[in-house]
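Undergrad: Once you've had a glance at the structure underneath, I'll fire off some questions.
The values are calculated or read from the model by the stated rules, or taken from the named source; none is laboratory data. Since the structure is predicted, the reported quantities are computational estimates derived from the model, not experimental observations. Ideal geometry is used to build each Cβ from the backbone, glycine not excepted, and the neighbour counts take in all protein chains shown. Calculation scope for accessible area: heavy atoms of the full protein, side chains included, ligands and nucleic acids excluded. Shrake-Rupley method; radii C 1.70, N 1.55, O 1.52, S 1.80 Å.
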Amino acid sequence: MRKAEIVMGLVMAVFSIYLMWKSAELPIGWIPKKGPGGGAYTFWLSAIMLLSTLAIVVRGLLGKTPESRSTEPYMDRQTLKLFAIVAGSITATIALTHIISMYFAVALFLIFYMRVLGGHSWKTVTSFAILTPVFLFVFFEAALKVTLPKGYVEAVFYPIYGLMY
């Protein structure tokens, strides 16, 4: 566990530095009469994340957390199997996004994850599998005017667009 905590802290620190560097390609300060620059939020959130990850690494090296004093493996066989199943299902969801749309792919992911892995009732699964994509559609397409991938089933959305515009 100790190695995993330290290595993940270092990986996240490198990722934070990368995000800060990329964010700094846009203005990160305050622009008079306009507000924060385009990279400000990402830059400063990444800076906070960098400080947090450095604290994790230092605490891990000093043995201040129970995880940093543990000699147990980070993942046992069952955890690794569950991780592989979840990673595979997320990969399938991403692959399906450009075929059956973001909304249907998310619905299928929720059905698989909640029913197969979570063992939830069909009532709960169906509710989430329908309401989550509907919420995402209204939030992104109607409220923010940001279109998400529709894939080969875009024609299914035409009647909804007719109501929206």
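Undergrad: Just one of the numbered conditions (1) modelled with pLDDT of 90 or more; (2) open to solvent by 100 Å² or more (accessible area, probe 1.4 Å) is not true of residue 71; which one?
TA: The single condition residue 71 does not satisfy is (1).
Undergrad: Please work out if residue 24 is closer than 28 Å to residue 135 by Cβ and of a type outside the set (Val, Ile, Thr).
TA: No.
Undergrad: Inspect all residues belonging to region 4-18 and state whether any of them is open to solvent by 90 Å² or more (accessible area, probe 1.4 Å) and acidic (Asp, Glu).
TA: Checking region 4-18: not a single residue is open to solvent by 90 Å² or more (accessible area, probe 1.4 Å) and acidic (Asp, Glu).
Undergrad: Right, something else. Out of all the residues in region 30-38, is one or more at pLDDT below 90, open to solvent by less than 50 Å² (accessible area, probe 1.4 Å), farther than 21 Å from residue 113 by Cβ and among the β-branched types (Val, Ile, Thr)?
TA: No; the residues of region 30-38 include none that is at pLDDT below 90, open to solvent by less than 50 Å² (accessible area, probe 1.4 Å), farther than 21 Å from residue 113 by Cβ and among the β-branched types (Val, Ile, Thr).
Undergrad: Moving to a separate point now. Here is a list of conditions, (1) farther than 29 Å from residue 17 by Cα; (2) free of Cβ contacts under 8 Å to residues at least 40 places away in the same chain; (3) open to solvent by less than 80 Å² (accessible area, probe 1.4 Å); (4) part of a loop (DSSP other than H, G, I, E, B), and residue 141 meets all of them except one; can you say which number that is?
TA: So residue 141 meets the others, but not (4).
Undergrad: Considering every residue within region 21-29, establish whether at least one is modelled with pLDDT under 95, loosely packed, with under 15 Cβ neighbours inside 10 Å and touching an Asp or Glu at 6+ places or on another chain (Cβ under 9 Å).
TA: No, there is no match, as no residue in region 21-29 is modelled with pLDDT under 95, loosely packed, with under 15 Cβ neighbours inside 10 Å and touching an Asp or Glu at 6+ places or on another chain (Cβ under 9 Å).
Undergrad: Go through region 1-43 and report how many residues are aromatic (Phe, Trp, Tyr) and either over 19 Å from the mean Cα position of the chain (by Cα) or under 20 Å from residue 74 (Cα atoms) (or both).
TA: Total meeting the criteria: 2.
Undergrad: A further question follows. I'm trying to understand the selection: among the residues of region 85-120, which are open to solvent by 60 Å² or more (accessible area, probe 1.4 Å) and hydroxyl-bearing (Ser, Thr, Tyr)?
TA: Passing the criteria: 91, 113.
Undergrad: Might you let me know whether region 144-154 holds any residue that is farther than 29 Å from residue 82 by Cβ and among the polar types (S, T, N, Q)?
TA: Yes - at least one qualifying residue is present in region 144-154.
Undergrad: Considering 136, 148, 163, 131, which residue is outside any helix (DSSP H, G or I) and either over 15 Å from residue 105 (Cβ atoms) or open to solvent by less than 60 Å² (accessible area, probe 1.4 Å) (or both)?
TA: 148
Undergrad: Now a separate question. Any idea which of 88, 60 is under 30 Å from residue 10 (Cβ atoms) and under 17 Å from the mean Cα position of the chain (by Cα)?
TA: 88
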